[in-house]
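A short write-up of the structure that comes next.
The values are calculated or read from the model by the stated rules, or taken from the named source; none is laboratory data. As the structure is a prediction and not an experimental result, all values here were calculated from the model. So basically every Cβ, Gly included, is an ideal-geometry build from the backbone, and we count neighbours across all protein chains shown. Just the protein is used for accessible areas: all its heavy atoms, side chains included, with ligands, DNA and RNA removed. Shrake-Rupley method; radii C 1.70, N 1.55, O 1.52, S 1.80 Å.
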Amino acid sequence: MSTPDGKGVLEIEDRDRVRILRLNRPAKLNALNHALIDALLGAAADAERDPAAGVVLLAGAGRAFCAGIDLDEIARLPTTAAIRAHARLVARLQSAFREMKKPVLCAVHGYAYGAGCGLVAAADMAIAGRGAQLGYPEIRRDVLPALILPNLVRQVGRKAAFGLVATGLPVSAEIARELGLVNDVVADEDLAATAFAVARTLAARDAVIVAELKRLFVEVGDEAFDQALRAARTTNERCRI
């Protein structure tokens with residue numbers, strides 16, 4: 001049963017031990033505003049505590065996965081303190097999924113830009129529709145996408161990450177797979193079913209073993225993540241204030 005959260009910006013559905021979180025701001029291409037980030041953080045925490053949820057599957061309503069941070073909301077931030085608070089919130093979202101014991105899978109369609117592509121990089125796995133475009137266009141608006149770098153560099157490596165961020169140009173789903181940003185590319189019409197099938201397979205595994213597997217990937221792969229994220233947050237604030 002699908003149950004929208006109180007603000008209607010996130011839909012939550014449970015099927016076969018898969019907790020589906022569907023970004024639900026289709027008129028804004030699911031851009032991440034404060035309410036949606038709060039809802040995602042709350043839903044991630046709830047899924048982590050709920051033994052009935054074995055895997056989190058993140059998807060988007062409408063014609064995009066997520067177009068990034070809601071720039072209209074950013075433009076209305078009234079004070080330096082508000083800018084810093086917003087940066088802290090975005091940083092929390094970047095770390096929330098990697099800190100979970102349960103796997104997080106993204107089903108990517110349409111646009112996955114900026115912080116939306118950051119969600120893809122933060123997830124454990126991602127399946128993309130063939131028509132998806134992924135990228136970090138911020139630099140083309142003279143904005144530094146600092147907060148996504150710790151996850152992105154760990155997913156695709158320094159040179160590929162620099163190319164994505166420094167050019168600001170989107171890449172196709174196939175290129176994203178070659179870079180290691182997504183695991184697989186399927187026909188757009190097959191995306192939902194394929195992503196759910198992968199999530200259900202993961203959810204059927206022993207929960208303790210899967211949690212230990214994820215913990216080992218984090219510990220072995222990027223022990224200095226928190227340090228990198230703090231540095232990214234400081235740089236983000238310095239460039240915006």
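Residues that are in contact with a His (Cβ under 8 Å, 6 or more places away or on another chain) and among the aliphatic types (A, V, I, L, M) were ranked within the range 109-133; the one that is surrounded by the fewest Cβ atoms within 10 Å (Cβ to Cβ) is Ala132. Give just the number: which of (1) among the aliphatic types (A, V, I, L, M); (2) surrounded by 20 or more Cβ atoms within 10 Å (Cβ to Cβ); (3) under 29 Å from Arg205 (Cα atoms) does Leu41 not satisfy? (2) is the only condition that Leu41 fails.
Taking the range 199-216 as the range and being touching a strand residue (DSSP E or B) at 6+ places or on another chain (Cβ under 6 Å) and more than 17 Å from Glu48 (Cβ to Cβ) as the test, only Arg200 passes.
Looking at this structure, is Tyr136 open to solvent by less than 10 Å² (accessible area, probe 1.4 Å), modelled with pLDDT of 95 or more and among the aromatic types (Phe, Trp, Tyr)?
Considered against the rule, which asks whether it is open to solvent by less than 10 Å² (accessible area, probe 1.4 Å), modelled with pLDDT of 95 or more and among the aromatic types (Phe, Trp, Tyr), Tyr136 comes out as yes.
Checking every residue in the range 152-160 against the condition of being in contact with a Phe, Trp or Tyr (Cβ under 6 Å, 6 or more places away or on another chain), of a type outside the set (Ser, Thr, Tyr), surrounded by 19 or more Cβ atoms within 10 Å (Cβ to Cβ) and without any contact (Cβ under 8 Å) to a residue 40 or more places away in the chain gives zero matches. Can you tell me which residue within the range 161-214, out of those that are over 19 Å from Leu58 (Cα atoms) and of a type in the set (Ser, Thr, Tyr), is most open to solvent (accessible area, probe 1.4 Å)? The selected residue is Thr167. It is to be established whether one or more residues within the range 77-87 are touching a strand residue (DSSP E or B) at 6+ places or on another chain (Cβ under 8 Å) and open to solvent by less than 10 Å² (accessible area, probe 1.4 Å). No, because not a single residue in the range 77-87 is touching a strand residue (DSSP E or B) at 6+ places or on another chain (Cβ under 8 Å) and open to solvent by less than 10 Å² (accessible area, probe 1.4 Å).
The range 1-108 holds strands (runs of 3 or more DSSP E) entirely within its bounds, and those carrying 2 or more residues that are free of Cβ contacts under 8 Å to residues at least 40 places away in the same chain map to 2-4, 10-15, 18-23.
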